Amino acid sequence: MKTISIPFSPSAPPLSPLRLAFYSNNSLRFPPKSPALRVSADHYRIEVRRVSYRPPRTQHNLLSEVSFSLPEKSFGLIFGRSGSGKTTLLQLLAGLSKPTSGSINIQRYGNDGNPNGPPETLSPERVGIVFQFPERYFLADTVLEEVTFGWPRQKADLALREQLALKLQFAINSVGLNTISLEEDPHSLSGGFKRRLALAIQLVQMPDLLLLDEPLAGLDWKARADVVKLLKHLKKKLTLLVVSHDLKELSGLVDLSWKMEMGGMLKEEPLPI
């Protein structure tokens, strides 16, 4: 078995990935020690309350008093006409823009159904977002470097190395990238595997909420079916909020759905299929 060791050094190359793993037959093997990364006896809901958004130096709202609640480990879908504000809402949830008014919180509840403390602001570090056509933004030369692109390059102790290795294991296994070589060029992957890689890049951060903007766009029928199957698997582990026009293909996964009206008004509504 060949051991790959990457030093934690300020002089490491810019894309040199942080790894704690053994590489054999194109698959990663991780340390036997597997402490839970996050343990919680309660559950949470993402709660958006009366959120409006008006871009700076403009007179019109793109979103108007949007409110909804999304339970933990559920699949929410937002549909509506192009230009109605769906992607703008995802950007606010991801912390890429700030609401003009309203709140975006994560509220934890105890087993009795009562709030477990005050709501917390949903910070960007707890949200992952995969934009439409995410493969256009790949930067690295290998799959592994792409997934670990934002990891620290400084020296780290064993505990941090093990934690990062476990996060990498979770991301790779969750999206099925353990079936290919992690040394492959991301741009050489099929459309379906490029979407898997885009998901892994976000999952390595262990987000509380994963946002997807048109996850089936531009894929052939086989890749679309593969991504739907993957989302069905991820739904068991994560809270997902999806913007899509592909309602029929995703309908079997949806727990809650909302329609975004022109003018940025959101209302809960069954899928029109």
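Using a 1.4 Å probe on the protein heavy atoms, what percent of the accessible area of the range 43-268 belongs to carbon and sulfur?
50 percent
How do ILE201, ILE273, ILE78 stack up against each other in accessible area, from largest to smallest, with a 1.4 angstrom probe?
If we order ILE201, ILE273, ILE78 from most to least accessible, we get ILE273, ILE201, ILE78.
Within 11 Å, Cβ to Cβ, of HIS187, how many net charges do the neighbouring residues add up to if Lys/Arg are +1 and Asp/Glu are -1?
Charge balance in the 11 Å sphere: -3.
Quick query: amide H of VAL254 versus all other amide H atoms, modeled in the peptide plane; which residues come in under 5 Å with a sequence gap of 5 or more or a different chain?
HN-HN under 5 Å from VAL254: empty list.
Kindly write out, for the range 216-223 in residue order, the coupling ³J(HN,Hα) from the Karplus curve 6.51 cos²θ - 1.76 cosθ + 1.60 (θ = phi - 60°), rounded to whole Hz, with x marking Gly and Pro.
Using θ = phi - 60°, the values come out as 9, 4, x, 9, 6, 4, 5, 5 Hz.
Can you give the relative contact order of the range 43-268 as a percent, counting alpha carbon pairs under 8 Å and 6+ residues apart?
With pairs under 8 Å counted, the relative contact order is 31 percent.
So, taking all protein chains as they sit and a 1.4 Å probe, how much accessible area belongs to GLU120, in Å² rounded to tens?
Spelled out: GLU120, probe radius 1.4 Å, area about 80 Å².
Tell me the per residue accessible area of the range 43-268 using a 1.4 Å probe; a whole number in Å² is fine.
Computed with neighbouring chains in place, this is 47 Å² per residue.
So which trypsin sites (Lys or Arg not before Pro) in the range 77-134 pass both tests, a DSSP loop state and at most 16 other Cβ atoms within 10 Å of the Cβ?
For trypsin sites (Lys or Arg not before Pro) across the range 77-134 that sit outside H, G, I, E and B with at most 16 neighbouring Cβ atoms in 10 Å, the list reads ARG81.
Label LYS222 and LEU139 with points 7 Å out from Cα along Cα→Cβ: what is the distance between them in nm?
3.3 nm
Got a sec? What order do TYR137, TYR44, TYR109 fall in by accessible area at 1.4 Å, biggest, i.e. largest, first?
Numbers: TYR137 145, TYR44 15, TYR109 35 Å².
Of TYR137, TYR44, TYR109, the descending order of accessible area is TYR137, TYR109, TYR44.
Tell me, what HN-Hα J-couplings in whole Hz come from the Karplus equation 6.51 cos²θ - 1.76 cosθ + 1.60 at θ = phi - 60° for each residue of the range 230-243, using x for Gly and Pro?
Karplus values, whole Hz, x for Gly and Pro: 5, 5, 4, 5, 5, 4, 6, 10, 10, 9, 10, 10, 10, 9.
How big, on average over all directions, is the shadow cast by the Cα convex hull of the range 43-268, in nm²? Working shown, then result.
On the way: hull surface 56.9 nm².
Averaging across all directions leaves 14.2 nm² for the Cα convex hull.
The values are calculated or read from the model by the stated rules, or taken from the named source; none is laboratory data. Note that the structure is predicted; figures quoted are calculated from it, not measured. Backbone-built Cβ (ideal geometry, glycine too); neighbour counts: all protein chains shown. These area figures cover heavy atoms from the full protein model, side chains too; ligands, DNA and RNA do not enter into them. Shrake-Rupley method; radii C 1.70, N 1.55, O 1.52, S 1.80 Å.
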